[in-house]
1. Can you run phi through the Karplus equation (6.51, -1.76, 1.60; θ = phi - 60°) for region 214-231 and list ³J(HN,Hα) in whole Hz, with x for Gly and Pro?
2. Which whole-Hz ³J(HN,Hα) couplings does region 75-84 yield from phi under the Karplus relation 6.51 cos²θ - 1.76 cosθ + 1.60, θ = phi - 60°, glycine and proline marked x?
3. Using 0.36 nm per residue of separation minus the Cα-Cα distance, give me the extension gain between Asp66 and Ile259 in nm, one decimal.
4. Taking the alpha-carbon distance from Lys209 and a cut-off under 18 Å, which aspartates and glutamates remain once sequence neighbours fewer than 8 residues away in the same chain are dropped?
5. With all protein chains present and a 1.4 Å probe, how do Phe164, Phe136 order by accessible area, largest first?
6. With everything on Cα atoms, drop me the angle between helix 161-173 and the longest principal axis of the chain, reported from 0 to 90° to the nearest 10.
7. Per residue, how many Å² of accessible area does the chain show with a 1.4 Å probe?
8. How big is the chain by the Kirkwood estimate over distinct Cα pairs, in Å?
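The values are calculated or read from the model by the stated rules, or taken from the named source; none is laboratory data. A quick note: this is a predicted structure, and the numbers were derived from the prediction, not measured. Note that each Cβ is placed from the backbone with ideal geometry, even for glycine, and that neighbours are counted across all protein chains shown. Each accessible area value is taken on the protein alone, full model and side chains, heavy atoms only, with ligands, DNA and RNA left out. Shrake-Rupley method; radii C 1.70, N 1.55, O 1.52, S 1.80 Å.
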Amino acid sequence: MPFLTQLADVARRTGHPVTEVGGWKTRGHGPQPEVKGIVCHHTAGPAAGGDYPSLAVVRDGRPGLDGPLSHFGLGRSGHVYVIAAGRCWHNAPSTSPQHTNSSSIGIEAENDGSQPWPAVQLDAYRKLCAELCREFGLPASRVKAHREVNTAKPDPHSIDMNDFRAAVAALVNGAPAPGPTGPPGPTWTEDILRELPLIRLGDDNYDVKTVRGCLFARGHVPPTAYAGIQDGLEGWLKTTQCDNGLVELVRGFQRAEGIDEDGLVGPATWAPLLRV
Ligand SMILES: [Zn+2]
């Protein structure tokens, strides 16, 4: 594997701002041999001093350890700094073969080691890990805290890595990430649910037919429901009016789903009806 010159593009897919730190494409302790894991760190830098005061240290190193120390820096504002495309000295000795310096990517997030994490920084942290998982074909289980793969390290502090990995997995398996411009958009299912109206007794529109079709597809329309209707099931499915019979079927569906039996088809009912 050569120098990872795609890392800036990968970072931009998070939707968070990205700075390409000068010289990053050729910076590294040689090329990156392989990418089998991702290691999350905190910088243990100053408590103040701006968005990413540890940049110079992560890029250039510190006494006894030459830089670069990680591929990415992550600012308090969620700003991503792309620092190196080659191998970095961020985890040695590693207790995991997938998380050595030669087999993993390092992310150094600005934090003094005890201060609270800004929500926007955590959002960027999860999204950056998710985009790296996508790029390198890794499961979210390969995202590790430094403390999980190195017995001498405490970082990153106070982040529950099981929760973190679950969120990364949801991002990897969920909707595609937003493009490089603009904030993250809703998923297509959220979009659809937002467009669907509330259906209640007395309504007369085409969305009522959608409710009927979904209830039938879910097995919640017994033959007795359409026994007396002209054209039987076909006629029942075409009916655009929300009548008492339909409301009762909606209640039965809500009961089966364990949601509020109000007979109204709103977001809480549309979601299981559409199985999203
Ligand atoms: Zn670390």
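1. Once θ is set to phi - 60°, the couplings for region 214-231 become 5, 4, 5, 4, 8, x, 10, 10, x, x, 5, 5, 10, 4, x, 8, 4, 6 Hz.
2. Residue by residue, region 75-84 yields x, 5, 8, x, 6, 9, 10, 8, 10, 8 Hz.
3. Here the segment from Asp66 to Ile259 would lengthen by 63.6 nm.
4. Counting by Cα, and skipping residues close in sequence, Lys209 has these aspartates and glutamates nearby: Glu195, Asp231, Glu234, Asp243, Glu248.
5. Details: Phe164 10, Phe136 40 Å².
Sorted descending by solvent-accessible area, the residues read Phe136, Phe164.
6. 60 degrees
7. 47 Å²
8. 21.6 Å
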